[in-house]
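**Student:** The structure under discussion is supplied below as structure tokens; questions concerning it will follow.
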Amino acid sequence: MRGRVFVIGLGLIGGSLALSIKRTHGESTIIGFDVCEHQKKLAKMLGVVDETTEDIRHEAEQADLIVIATPVKEAENIIKSFAEMSLKNNVIITDAGSTKAKVVQAAKCLTEKGITFIGGHPMAGSHKSGVTAAKEILFENAFYLLTPDSDVGQREIATLKAWLSGTKAKFLIVSPEEHDYMTGVISHFPHIIAASLVHQAERSSQEQQLVTRLAAGGFRDITRIASSSPEMWRDILLHNKLVLIDIFHDWIEEMQKVTTMLESENGEAIYQYFLSAKQFRDEMPIKDKGAIPAFYDLFVDIPDYPGVISEITGYLAKENISITNIRIRETREEVYGILVISFQTEEDRERADDCIKKYTIFDTSVGP
């Protein structure tokens, strides 16, 4: 396919979509826009986009495909502004936001004029943000939810899939309401729980200072998603308010069940509660990507001597294995600490595990 692709929002998602479109449609021209001048310059310098612009109207009116990869509230405003522009009759507009009902509703102003809008949500992410973290492989084997309005034809859906074929994602068609309910359960709500756990630990640390020190290990891992963008999650919660309020009520009932079990000291019920949770979790797909970014961590037991970290990273560099994050976990007063190395893919983690075993005698393990 040949044409002009206009990507608005040059962060991790927008940049990765631009790269994946380049992968299979190299003959097309990709133009990028971002409110952050630095991100825009980086996108051009890194070859994520072919050109950048200051003029949204001009590029939108020339585009064959428009991808809006901004926070959902801003996406609404951009969509509404398109209604005042002279867009091409055959242009396809899509977004990449985490909520869909309000965005699709906002796009009615376009569909009423015969312009095709198809809501989209590539369900993949990374430890890092910004265009420097963009990768054309980010969405491989991830679910990519499309939420076309009932007026959108199969031909337009097929065209959008063709444009996005370089993502190598698994496309699913759902309604905006189905999307918001499912992501509310498996993504939005867990982020709220992670943030609430951090708040609870913060309050407890005011009475017991050891809480912060002890929480530096596994607690940081189970609450890692609480470090996501506050602005982004503010908009997501406000967009998906009704779904989340219903889930809150269900959660309160669930916690009341646990409270009752404890008050009555019902050991068998508590055992069955954790057993059924374990069984359901263990049956979930391990390698499939989901709504929350997967963390491919490798844990390495390392002795405390100068240069040990550079030694390990040197071996990984020798085998051309990229890492996305590295940190030391120290939760015990022993000779060995734990080096936690994060990778973009499970394949990279497996290669790293083999590499470290090849060059060292250090023990390694993967996360649960």
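The values are calculated or read from the model by the stated rules, or taken from the named source; none is laboratory data. Remember, it's a predicted structure, so these values are computed and weren't measured experimentally. When we count neighbours, we look across all protein chains shown, and the Cβ atoms used for this are built from the backbone with ideal geometry, even at glycine. Accessible surface is based on the protein model in full, side chains and every heavy atom, while ligands, DNA and RNA are left aside. Shrake-Rupley method; radii C 1.70, N 1.55, O 1.52, S 1.80 Å.
**Student:** Considering only residues that are in a strand (DSSP E or B) and of a type outside the set (S, T, Y), which ones fall in region 19-35? Walk me through it before giving the result.
**Tutor:** Narrowing region 19-35 to residues in a strand (DSSP E or B): 29-33.
Hits for region 19-35 are I30, I31, G32, F33.
**Student:** Oh, and also: List the number of the failed condition for S175; all other conditions in (1) modelled with pLDDT of 95 or more; (2) more than 27 Å from A124 (Cβ to Cβ) hold.
**Tutor:** Of the numbered conditions (1) modelled with pLDDT of 95 or more; (2) more than 27 Å from A124 (Cβ to Cβ), the odd one out for S175 is (2).
**Student:** Let me ask something else. Name the single residue, out of those in region 118-139 being of a type in the set (A, V, I, L, M, F, W, C) and touching a Phe, Trp or Tyr at 6+ places or on another chain (Cβ under 9 Å), that is surrounded by the fewest Cβ atoms within 10 Å (Cβ to Cβ).
**Tutor:** M123
**Student:** Let me ask another. Only residues that are in contact (Cβ under 8 Å) with a residue 60 or more places away in the chain and of a type in the set (K, R): list them for region 81-125, please.
**Tutor:** K100, K102 - these are the residues of region 81-125 that are in contact (Cβ under 8 Å) with a residue 60 or more places away in the chain and of a type in the set (K, R).
**Student:** If we only count strands (runs of 3 or more DSSP E) wholly inside region 257-368, which ones have 3 or more residues that are crowded, with 17+ Cβ neighbours inside 10 Å, among the β-branched types (V, I, T) and at pLDDT below 95?
**Tutor:** Numbers: elements: 296-302, 325-329, 337-343, 364-366.
Ranges flagged: 337-343.
**Student:** Does I79 qualify as being in a strand (DSSP E or B), at pLDDT 95 or above and surrounded by 19 or more Cβ atoms within 10 Å (Cβ to Cβ)?
**Tutor:** Numbers: in a strand (DSSP E or B): no; at pLDDT 95 or above: yes; surrounded by 19 or more Cβ atoms within 10 Å (Cβ to Cβ): yes.
Taking the combined requirement at face value, the residue does not satisfy it.
**Student:** For Y271, state whether it is over 24 Å from I341 (Cβ atoms) and not basic (K, R).
**Tutor:** Against the criterion (over 24 Å from I341 (Cβ atoms) and not basic (K, R)), Y271 qualifies.
**Student:** Residues of region 235-247 being in contact (Cβ under 8 Å) with a residue 12 or more places away in the chain and either in a helix (DSSP H, G or I) or over 22 Å from E178 (Cα atoms) (or both), which ones? Lay out the reasoning, then the answer.
**Tutor:** Filtering region 235-247 down to residues in contact (Cβ under 8 Å) with a residue 12 or more places away in the chain leaves 235-240, 243-244, 247.
Within region 235-247, D235, I236, L237, L238, H239, V243, L244, I247 qualify.
**Student:** Within region 225-238, identify whether any single residue is surrounded by 11 or more Cβ atoms within 10 Å (Cβ to Cβ) and over 17 Å from the mean Cα position of the chain (by Cα), and answer yes or no.
**Tutor:** Yes, region 225-238 contains at least one residue that is surrounded by 11 or more Cβ atoms within 10 Å (Cβ to Cβ) and over 17 Å from the mean Cα position of the chain (by Cα).
**Student:** Looking at R220, R213, R224, R203 in this structure, which one is farther than 21 Å from A69 by Cα and in contact with a strand residue (DSSP E or B) (Cβ under 9 Å, 6 or more places away or on another chain)?
**Tutor:** It is R220.
**Student:** Considering region 180-224 alone, what residues qualify as being small (G, A, S), in contact (Cβ under 8 Å) with a residue 24 or more places away in the chain and crowded, with 16+ Cβ neighbours inside 10 Å?
**Tutor:** Within region 180-224, G184, S187, A194, A195 qualify.
**Student:** If the Cβ limit is 6 Å and pairs must be 6+ apart or interchain, which residue in region 283-294 that is more than 12 Å from E346 (Cβ to Cβ) pairs with which residue that is modelled with pLDDT of 70 or more and open to solvent by less than 70 Å² (accessible area, probe 1.4 Å)?
**Tutor:** A291/M123; A291/T183; A291/S187; I292/S187; P293/G125
**Student:** Picking from S165, S150, which residue would you name as being surrounded by fewer than 16 Cβ atoms within 10 Å (Cβ to Cβ) and of a type in the set (S, T, Y)? Quick ask: steps written out before the conclusion?
**Tutor:** Numbers: S165 fails: surrounded by fewer than 16 Cβ atoms within 10 Å (Cβ to Cβ).
Just a single option satisfies the conditions, and that option is S150.
**Student:** Hey, among T99, T132, T111, which residue is under 20 Å from K241 (Cβ atoms) and either at pLDDT below 95 or within 23 Å of the chain's Cα centre (by Cα) (or both)?
**Tutor:** Going through T99, T132, T111 in turn, the sole match is T99.
**Student:** Mind checking which pairs have a first residue in region 158-172 that is touching a residue at least 40 places away in the same chain (Cβ under 8 Å) and a second that is in a helix (DSSP H, G or I) and not charged (D, E, K, R), Cβ under 6 Å, 6 or more apart or different chains?
**Tutor:** S165/T24; G166/S20; G166/I21; G166/T24; T167/S20
**Student:** Within region 5-19, is even one residue open to solvent by 60 Å² or more (accessible area, probe 1.4 Å) and farther than 20 Å from M232 by Cα? Working first, answer last.
**Tutor:** We begin by selecting, within region 5-19, every residue open to solvent by 60 Å² or more (accessible area, probe 1.4 Å); these are none.
The answer is no, given that none of the residues of region 5-19 is open to solvent by 60 Å² or more (accessible area, probe 1.4 Å) and farther than 20 Å from M232 by Cα.
**Student:** Anything in region 111-147 that is closer than 15 Å to T94 by Cα and touching a helix residue (DSSP H, G or I) at 6+ places or on another chain (Cβ under 6 Å)? List them, or say none. Please lay out each step first, then the result.
**Tutor:** Start the filter on region 111-147 by keeping residues that are closer than 15 Å to T94 by Cα, which leaves 111, 114-123, 144-147.
Listed by number, the residues that qualify are T116, F117, I118, G119, L145, T147.
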